[in-house]
1. Under the condition of being closer than 13 Å to ASP285 by Cα and surrounded by 20 or more Cβ atoms within 10 Å (Cβ to Cβ), which residue from the range 147-162 is farthest from the chain's Cα centre (by Cα)?
2. Of the conditions (1) away from ligand 2 (no atom under 16 Å from the Cβ); (2) over 23 Å from ALA151 (Cβ atoms); (3) loosely packed, with under 14 Cβ neighbours inside 10 Å, PHE60 clears all except one; give me its number.
3. Checking the structure you have, find out if any residue of the range 273-280 is out of contact with any Phe, Trp or Tyr (no Cβ under 6 Å at 6 or more places or on another chain) and surrounded by fewer than 19 Cβ atoms within 10 Å (Cβ to Cβ).
4. LEU228 - would you say it is away from ligand 2 (no atom under 16 Å from the Cβ) and in contact with a Gly (Cβ under 9 Å, 6 or more places away or on another chain)?
5. Take the conditions buried (at least 24 other Cβ atoms within 10 Å of the Cβ), closer than 21 Å to VAL143 by Cβ, within 15 Å of the chain's Cα centre (by Cα) and within 12 Å of ligand 1 (Cβ to nearest atom) and apply them to GLY193. Does it pass?
6. For the condition in contact (Cβ under 8 Å) with a residue 24 or more places away in the chain and not hydrophobic (A, V, I, L, M, F, W, C), what is the one hit in ASN115, ASN135?
7. Could you check, for the range 210-230, whether at least one of its residues is more than 16 Å from ligand 1 (Cβ to nearest atom) and free of Cβ contacts under 8 Å to residues at least 12 places away in the same chain?
8. Among the residues of the range 218-232, is there at least one that is under 28 Å from TRP59 (Cβ atoms), at pLDDT 95 or above and outside any helix (DSSP H, G or I)?
Amino acid sequence: MGQDELIDYLVEKNILDSSSVEIRTLSGGVSSEILLIDDGNKRFVLKRALAKLKVKDDWFANVKRNHIEQKYIRYVADFLPETVPAIHYSDEDHHFFCMEMLENGLTNWKELLLNKQIDIGYAKTAGKIMGTIHNKSAGDPTVEKDFETLANFHELRIEPYLITTGKLHSDLKAYFYEEAKRLASVKKCLVHGDFSPKNILVGPDRFVLLDCEVAWYGDPIFDLAFFLNHFLLKALYAPEMVKEFIELAKVTLKSYKIHSGNIFDEKFGARLVHLLLLLMLARVDGKSPVEYLNPGQQQKVRDFVYQELSNGTRNFEVLTTKWSETV
Ligand SMILES: Nc1ncnc2c1ncn2[C@@H]1O[C@H](COP(=O)(O)OP(=O)(O)O)[C@@H](O)[C@H]1O
Ligand SMILES: [Mg+2]
């Protein structure tokens with residue numbers, strides 16, 4: 001369906017009152033289309049899998065991702081309703097869903113961080129939400145069955161981050177490949193897979209998690225390492241704020257520990273630090289590097305990761321102290 005057809009279809013289904021609408025594209029992603037649609041009466045965001053892809057297999061992968069995202073939103077809405085966008089309408093045949101437009105004082109957290117606006121309260125909430133979702137889903141066979149999405153997680157996370165970086169850094173290859181193998185073997189709880197400030201909208205009354213296409217029943221350490229990595233790299237981007245960014249990471253971790261129940265076992269901390277080091281390098285030399293580090297800063301990450309992997313650093317306090325001295 002083209003956009004005009006889509007609008008007519010939404011009117012037919014009574015989702016819209018009129019086909020005279022204002023449409024704004026919220027993101028020009030490669031795999032999905034996100035549209036803000038407003039007919040003067042009804043206003044929502046529509047996310048659908050894009051059909052225009054190189055190969056047919058990609059299209060099927062995309063459709064599946066749209067469904068995974070909806071499933072994750074519905075699962076979390078059950079016990080943390082304010083934490084995800086409300087789904088207004090879901091279309092199985094055309095692989096899209098309509099959700100509430102999140103506005104009224106909500107801002108993308110990544111924007112705030114890049115403007116060096118630090119709010120410790122958001123870190124506390126992030127740790128709480130992540131811990132709660134992990135804890136709630138842990139050991140639940142129904143959730144495990146619903147999110148048997150390792151192939152998708154492999155394609156979008158393990159391969160582009162770990163395998164790619166390992167191939168580039170042959171001296172570290174074993175670390176990356178071993179971690180890839182370890183991750184793929186874990187089935188502990190529901191993982192968001194893209195838990196990152198850019199996918200979180202924050203405001204005084206609400207904290208909303210978006211973009212759940214990579215959700216997977218797997219290793220909780222991935223979410224936490226992936227998320228904390230953003231704070232460590234932002235400390236390098238704005239070294240004058242290193243204390244504040246490290247504090248955000250520490251507060252998140254502390255809050256996560258409180259809310260994640262038995263998930264945080266005795267091996268968790270050490271594995272977290274190890275994966276965090278690998279992801280730091282992956283965010284410089286993998287397929288999805290952060291855009292805000294200059295070549296000198298990127299080299300600092302490489303040197304740091306090489307050094308700390310060979311030191312065998314597995315303690316979060318030690319890691320953050322050394323990183324503070326490095327940036
Ligand atoms: N329901 C919504 N209300 C308001 N903004 C949204 C909504 N859904 C997505 N967005 C905005 O669009 C951006 C991209 O959406 P996202 O689901 O993260 O897709 P992508 O896969 O393109 O990253 C988000 O970062 C957010 O700023
Ligand atoms: Mg996103």
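1. LEU162
2. The single condition PHE60 does not satisfy is (2).
3. Within the range 273-280, none of the residues are out of contact with any Phe, Trp or Tyr (no Cβ under 6 Å at 6 or more places or on another chain) and surrounded by fewer than 19 Cβ atoms within 10 Å (Cβ to Cβ).
4. Considered against the rule, which asks whether it is away from ligand 2 (no atom under 16 Å from the Cβ) and in contact with a Gly (Cβ under 9 Å, 6 or more places away or on another chain), LEU228 comes out as no.
5. In short, yes.
6. Exactly one of ASN115, ASN135 is in contact (Cβ under 8 Å) with a residue 24 or more places away in the chain and not hydrophobic (A, V, I, L, M, F, W, C), namely ASN135.
7. no
8. yes
The values are calculated or read from the model by the stated rules, or taken from the named source; none is laboratory data. Keep in mind that this is a model prediction, so the values were computed, not measured. Cβ atoms come from the backbone with ideal geometry, glycine included; neighbour counts cover every protein chain shown.
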